[in-house]
Amino acid sequence: MICLSVYYGLKVFSSALVLWNLLLFVEALETTRDIKVEKVQVSVNGDRSIATVSENFICATLDWWPPEKCDYGTCSWGHSSLLNLDLRNSILQNAVKGLSPLLLRLGGSLQDQVIYNVGNIQRPCGTFFSAAGLFGFSEGCINMSRWQDLNEFFYLTGSQVAFGLNALYGREQDTSLRWDSSNTQSFIQYTADNLYPVYAWELGNELSSSGVGASLSISQYAADIKELRIIIDRIYAGWTEKPLVVAPDGFFEKSWYAQFLQETGTQVLDACTHHIYNLGPGISTNVLDTRILDPDVLNNVVGTFDQLQQTIQTHGPWAQAWVGESGGAYNSGQHLVSDAFLSSFWYVDQLGMAACFNTQVYCRQSLVGGNYGLLNRTTFQPNPDYYSAFLWKELVGTQVLATNVIATPKLRAYAHCSKGDTIYIHHA
Ligand SMILES: *[C@@H]1O[C@H](CO)[C@@H](O)[C@H](O)[C@H]1NC(C)=O
Ligand SMILES: *[C@@H]1O[C@H](CO)[C@@H](O)[C@H](O)[C@H]1NC(C)=O
């Protein structure tokens, strides 16, 4: 039924194609129910790749939410935070090793309320508690013994780290003030002195445009990023590989992102991140499952990917595009949907789509925590999407091939060269 034409001159690993076809075929069946045979044509252009993703494409997040974080009466975070996750659990360790080297993005809403207990901090180092602050929580704090434990975990599991820094320090009440980078400087210095490897330092979470909770003006944010760049260049002077500087980790808005790239200036920002929650709120009972299987909903981010790619090409061609955080349904997802098999129809489609637009990194919210974890929050057993991430890591290479589908929009296909394949271009 599937007529597959692979162009001559390029090795295409069939398993990768089989994986997508299988998933997508099931989707087509699932939604028709009265099974009828339909002729479809999928063609892959193997002449050249249309995009290349980084080796770190598969990424997952660890967040700061405390057990008291609840949405719609459900508290779905338990002990999954950077401050309380059981790092010695062998199932957790093995699951992360299974995706090794896995890029872990450490951040989320509360990152802009985190104090690093190093340097001249003159206050007690406590965890988050329910309070009248942003997102309903107080400031929180990480001590350096916890940071050491986390780094031992990253080393043991072969993980790489993208750390989201607190961009509101010193201006929690008034975001028009300049960023007080003193605590961040002490923290980065401490991290570098201890030779804890960091792949990327990110500044701020969802503070772009009108923000979620709080926001920064473009010119202020751009000035802060320039300051971070100087700090990193100074602290890592002489290192052969410097961490990347990454921002703004917000929701894409073309004019905001364009001006931000312009104002930060040449070679300051290494990666431009955006967040995706295109399925709507986690509360949408009985709606999320149909939304996941609706091609119009799945396609509602094509424009975002396309415009971000264009914006970067025009205003900041030195920067990579990253999906810094993406969980499908916001406010912690929905149990039995975003932690179930169904979710992979959204997740795998997102990975395929993002890659077509040169997205270098795609961070899934979350590795563990909320209702959208790749791992079960209490047992750390893999949820179905873990296996999708695992198969991607095992099979799918970095070169993306143009794939054309002539069929119902419910059939979705993407093709990459197999992992480890070097592209061989045949000149006819
Ligand atoms: C450091 O922080 C962790 C997690 O918040 C906590 O369990 C531990 O007791 C703290 N250690 C010290 C020495 O304060
Ligand atoms: C996680 O594991 C617990 C304990 O076995 C179970 O009750 C729960 O349903 C699991 N969650 C998911 C999403 O499978």
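General observations
- Residues whose amide H comes within less than 5 Å of that of Phe252, counting only those at least five positions distant or on another chain, are His275 (H built at 1.01 Å from N in the peptide plane).
- Relative contact order of region 47-400, defined on C-alpha pairs under 8 angstrom at six or more residues apart (%): 21 percent
- In terms of other Cβ atoms within 10 Å, Ser255, Ser49 run from fewest to most in the order Ser255, Ser49.
- For the residues Ala329, Ala355, Ala340, a GNM of the chain with alpha-carbon springs under 10 Å puts the largest fluctuation on Ala340.
- By the count of neighbouring beta-carbon atoms within 10 Å, fewest first, Tyr372, Tyr387 end up ordered Tyr387, Tyr372.
- A straight chain from Ser284 to Lys226 at 0.36 nm per residue would run longer than the Cα-Cα distance by 16.8 nm.
- Residue of Ser76, Ser332, Ser210 that the Gaussian network model of the chain assigns the largest fluctuation, springs spanning Cα pairs under 10 Å: Ser210
- Set of lysines with alpha-carbon distance to Lys97 below 30 Å, sequence-local pairs under 8 removed: Lys11, Lys69, Lys242, Lys393, Lys419
- Here the simple spin-label model places points 7 Å from the Cα toward Cβ, and for Arg178 and Asp294 these points are separated by 4.8 nm.
- Couplings 3J(HN,Hα) of region 163-171, computed from phi: 9, x, 7, 6, 8, 9, 4, x, 9 Hz, in residue order, whole Hz [Karplus 6.51 cos²θ - 1.76 cosθ + 1.60, θ = phi - 60°; x for Gly and Pro].
- Cα gyration tensor, region 47-400 - rounded (a/c under 1.5), prolate or oblate: rounded
- Estimated FRET transfer efficiency when R0 is 25 angstrom, pair Ser217-Cys75 (beta carbons, to 0.05): 0.10
- Exposure proxy order (Cβ contacts within 10 Å, fewest to most) of Arg105, Arg171: Arg171, Arg105
- Highest mean first, the peptides 258-268, 411-421 sorted by other C-beta atoms within 10 Å per residue fall in the order 411-421, 258-268.
- Max mean-square fluctuation residue, GNM over the chain, Cα-Cα springs under 10 Å, options Cys75, Cys356, Cys272: Cys75
Each reported figure results from applying straightforward, stated rules to the coordinates on display, with no laboratory input. These numbers come from a predicted model, not from an experiment. Cβ: placed from backbone, ideal geometry, glycine included. Neighbour counts: every protein chain shown.
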